[in-house]
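Some notes on the structure that comes next.
The values are calculated or read from the model by the stated rules, or taken from the named source; none is laboratory data. Keep in mind the model is a prediction, meaning the values are calculated, not measured. Every residue, glycine as well, gets a Cβ built from its backbone with ideal geometry; the counts of neighbours run over all protein chains shown.
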Amino acid sequence: MSNLINFKKKYQQDYRSSLKHPEEFWSKQAKLLTWFKSWKKVLTGNFVRGTSRWFTGAELNITVNCLDRHLPARGGDLALIWEPNLPGAKGLKYTYQELYEKVCRMANVLKKYGVKKGDIVCIYLPMIPEAMIAMLACARLGAVHNVVFAGFSARSLADRINDCGAFLLIASDYGYRGSKVLSIKNIVDEALLSCPQVTTVLLVKKTAKKIPLKTGRDFWLKPAMIKAGKECPATIVRSEDPLFVLYTSGSTGKPKGVVHASGGYMVYADYSFRSVFGYQPGEIYWATADVGWITGHTYVVYGPLLAGATIVMFEGLPTYPSPSRYWAIIDKYQVNIFYTAPTVIRSLESFGPKYVKPYRLKSLRLLGSVGEPLNAEAWHWYQRYVGKGRCPIVDTWWQTETGGILLSPLPVSMQSKPGSVGKPLPGIFPVILDVTGQEITTPNQIGYLCLKKPWPALAITLLNDKKRFLKTYFSTFPGHYFTGDAAKKDQAGCYFIQGRVDDVINVSGYRIGCAEVESAITLHPAVAEASVVAYRHPIKGEGIYAFVVTLREVLQNPNLKEEIREIVRKEIGHIARPDKIQIVRDLPKTRSGKIIRRILRRLAIGETLAGEDLTTLTNPEIIAEIKESLDL
């Protein structure tokens, strides 16, 4: 108990110091890393203009910090352990020296095919070592990587390629997801029908199956890697140069290409990984996220490698071939730190503790959660059965745009509370504002979660859309970064996230734009109109509830709902398939024709409409009709 008190005091001292002297605080963190040239200014710009830039004038290459600097003393230490989808299949292990050589070889291959500093390379790979190696190879050259989740459809892949302008794509022939074999190359071929600028596709061979290659465009990666040199000098980039672009759903339908800069992101990835997980040399760290999402970027690849960690990467599903797969992997590799999503926890909880109990899990020191609030029931199950009652839980909050964890119970300085994402890390200054922009100081009062000072990992823009960047994040509450989340804070200063306040649905930690799903649904020839809202899902946190208006002349179709789901899967991906579809005669609209999603959202979660002013609706009678057939 005395140690906890001492750690609490240190947290308070560090937090006060970072609040009082932020530039000095971040300069101290940055000096722990290797730079080719130091910075002239720690921070320039501000939130008023949405122009904050970190360590201006500095020069670096993030791969030097992830790989090169570890080689003299720790080149033989394990960097990566890859566990394949099929239990019993041969996995792979890479030391830091071996990973360095693989990255250099791939960087040399990319150079051969014309990739240079500033170019954007698209990566569409399953969870295999080549995904990490490709990201690092791009960074080695000063190229910008755009990783697209390999579960996305051909349409979603094409949209991202065309928006970012990539001319080279790295993909695989196939991918494995549990018992399914996915034809990645077929999806790529379909996507590239509308991407004429892509001149080169580098393919990782996953199976012995033969696939057609397009002459002059498609090339196997392995032979090229064997011929390539195992040394590649790191390209020097400026701190403010982009490192990667990652697309995330927005409320207007078009995904946003979030751009992160090299220097600030590097500093914060290193700092937040060390602060939240307290990594110690020799520990085995496993984050279950796919590299197609921001958690995979910051806490599967960059953060752990910056800290010299040993990383577990898993190709498969937590329930294949049984719901004990994760626990078997933890015991197999003696994992010390385990970081996963509430959806995974709730899903495995639903199978009962019998799949966990046979495993010792004694190696575990720390449990983590990311993607959405972890409900109390799942929190207690996680701690009791996985942590065996002795592992602290860090339930973390952050976003694609924030680059790294901003709120978390730090395991060495505070006790975690079920449902709470703890307190801000030193250097992070959140506030909860009311609708007028005034700070809420009353405990447990819900408001808008905002940040009032910059931090190094904040995105620098949206690709090709600076105006949207400023409008989305800095116009709602001038002088603040607006997260789009609602939150409250208790008397102890611990934050509780209440969910999105905009029209984005958080499905298993993945943000899905309502407008994007609605657009896909209306592609069905029988659909006239659709409105999509979130509802409480016992496993996913939030599920997708679609209200669909069909064309009046369309005859009844018993397969309509499944056809709609299939269209959404094809257009966006399986993660966006509606969980519930309700066919309705009309949707609640104002006289100007605007659909009132707020009303549908309340209906979908079983709330009454007490307090709603329905006089603004042109068709208030439709609400009773919708309520009669709700799927609750």
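In this structure, Ile581 does not qualify as of a type outside the set (Asp, Glu), in a strand (DSSP E or B) and within 20 Å of the chain's Cα centre (by Cα). Over 20 Å from Glu83 (Cα atoms) and at pLDDT 95 or above: is that true of Tyr355 in this structure? Spelling it out, it is not the case that Tyr355 is over 20 Å from Glu83 (Cα atoms) and at pLDDT 95 or above. Considering the conditions (1) in contact with a Phe, Trp or Tyr (Cβ under 8 Å, 6 or more places away or on another chain); (2) surrounded by fewer than 22 Cβ atoms within 10 Å (Cβ to Cβ); (3) modelled with pLDDT under 90, Asp490 is excluded by exactly one of them, (3). For region 74-82, the count of residues that are out of contact with any Ser or Thr (no Cβ under 9 Å at 6 or more places or on another chain) and either over 30 Å from Gln334 (Cα atoms) or surrounded by 14 or more Cβ atoms within 10 Å (Cβ to Cβ) (or both) is at least one.
Scanning region 430-452 finds one or more residues that are closer than 29 Å to Ser27 by Cβ and among the basic types (Lys, Arg).
Report yes if Glu349 is at pLDDT below 95, closer than 23 Å to Gln498 by Cβ and over 19 Å from the mean Cα position of the chain (by Cα), otherwise no. Even if it seems obvious, please write down each step before you answer.
Numbers: at pLDDT below 95: yes; closer than 23 Å to Gln498 by Cβ: yes; over 19 Å from the mean Cα position of the chain (by Cα): yes.
So Glu349 passes the test.
Quick check, is Phe482 touching a Leu at 6+ places or on another chain (Cβ under 7 Å), over 22 Å from Leu243 (Cα atoms) and of a type in the set (Phe, Trp, Tyr)? No; evaluated as a whole, the condition is false for this residue. Remark: pairs (first residue in region 44-57, among the charged types (D, E, K, R); second residue part of a loop (DSSP other than H, G, I, E, B) and surrounded by fewer than 16 Cβ atoms within 10 Å (Cβ to Cβ); Cβ separation under 9 Å; 6+ apart in sequence or on different chains) = Arg53/Gly45. The residues of region 218-228 that are surrounded by 15 or more Cβ atoms within 10 Å (Cβ to Cβ) and either among the acidic types (Asp, Glu) or touching a Leu at 6+ places or on another chain (Cβ under 8 Å) (or both), listed by number, are Asp218, Phe219, Leu221, Ala224.
The residues of region 137-150 that are in contact with a helix residue (DSSP H, G or I) (Cβ under 6 Å, 6 or more places away or on another chain) and either surrounded by fewer than 24 Cβ atoms within 10 Å (Cβ to Cβ) or not small (Gly, Ala, Ser) (or both), listed by number, are Arg140, Leu141, His145, Asn146, Val148. Please indicate, with yes or no, whether at least one residue in region 175-193 is modelled with pLDDT of 95 or more, within 29 Å of Asp503 (Cβ to Cβ) and not charged (D, E, K, R). Yes, region 175-193 contains a residue that is modelled with pLDDT of 95 or more, within 29 Å of Asp503 (Cβ to Cβ) and not charged (D, E, K, R).
Do we have Thr295 as of a type in the set (Ser, Thr, Tyr), under 21 Å from the mean Cα position of the chain (by Cα) and modelled with pLDDT under 95 here? Before the answer, list the steps.
Values: of a type in the set (Ser, Thr, Tyr): yes; under 21 Å from the mean Cα position of the chain (by Cα): yes; modelled with pLDDT under 95: no.
When the stated conditions are applied, Thr295 does not pass them.
I'd like to check something: does region 591-598 contain any residue that is at pLDDT 95 or above, under 29 Å from the mean Cα position of the chain (by Cα) and basic (Lys, Arg)? Explain how you work it out, then say what you get.
First, the residues of region 591-598 that are at pLDDT 95 or above: none.
Looking for residues that are at pLDDT 95 or above, under 29 Å from the mean Cα position of the chain (by Cα) and basic (Lys, Arg), one finds none in region 591-598, hence no.
Taken over region 27-70, the criterion of being at pLDDT 95 or above and among the charged types (D, E, K, R) is satisfied by Lys28, Lys31, Lys37, Lys40, Lys41, Arg53, Glu59, Asp68, Arg69. Looking only at residues that are more than 19 Å from Pro196 (Cβ to Cβ) and modelled with pLDDT of 95 or more in region 151-174, which one is surrounded by the most Cβ atoms within 10 Å (Cβ to Cβ)? The extreme case among them is Ser172.
Just for region 320-346: of the residues that are part of a loop (DSSP other than H, G, I, E, B), over 21 Å from the mean Cα position of the chain (by Cα) and touching a residue at least 60 places away in the same chain (Cβ under 8 Å), which one is nearest to Gly368 (Cα to Cα)?
Our first condition is that a residue be part of a loop (DSSP other than H, G, I, E, B); within region 320-346, this holds for 320-324, 334-336, 341.
Cutting the leftovers down to over 21 Å from the mean Cα position of the chain (by Cα) gives us 320-324, 334-336.
Going one step further and asking which of them are touching a residue at least 60 places away in the same chain (Cβ under 8 Å), we end up with 320-321.
Numbers: Tyr320: 22, Pro321: 24 Å.
Applying the filter and picking the extreme gives Tyr320.
Can you tell me which residue among Lys9, Lys40 is in contact with a strand residue (DSSP E or B) (Cβ under 8 Å, 6 or more places away or on another chain), farther than 25 Å from Ile133 by Cα and without any contact (Cβ under 8 Å) to a residue 60 or more places away in the chain? Break it down into steps so the answer makes sense when it comes.
Values: Lys9 fails: in contact with a strand residue (DSSP E or B) (Cβ under 8 Å, 6 or more places away or on another chain).
None of the other options fit; the residue is Lys40.
Within region 444-474, can you find the residues that are small (Gly, Ala, Ser) and modelled with pLDDT under 95?
Of all residues in region 444-474, those small (Gly, Ala, Ser) come to 447, 457, 459.
The answer is Gly447, and nothing else.
Against the definition (of a type in the set (D, E, K, R), surrounded by 23 or more Cβ atoms within 10 Å (Cβ to Cβ) and in contact with a strand residue (DSSP E or B) (Cβ under 9 Å, 6 or more places away or on another chain)), how does Asp395 come out, yes or no? Against the criterion (of a type in the set (D, E, K, R), surrounded by 23 or more Cβ atoms within 10 Å (Cβ to Cβ) and in contact with a strand residue (DSSP E or B) (Cβ under 9 Å, 6 or more places away or on another chain)), Asp395 qualifies. Candidates are the residues of region 102-136 that are small (Gly, Ala, Ser) and not in a helix (DSSP H, G or I); the one that is nearest to Leu86 (Cα to Cα) is Gly114.
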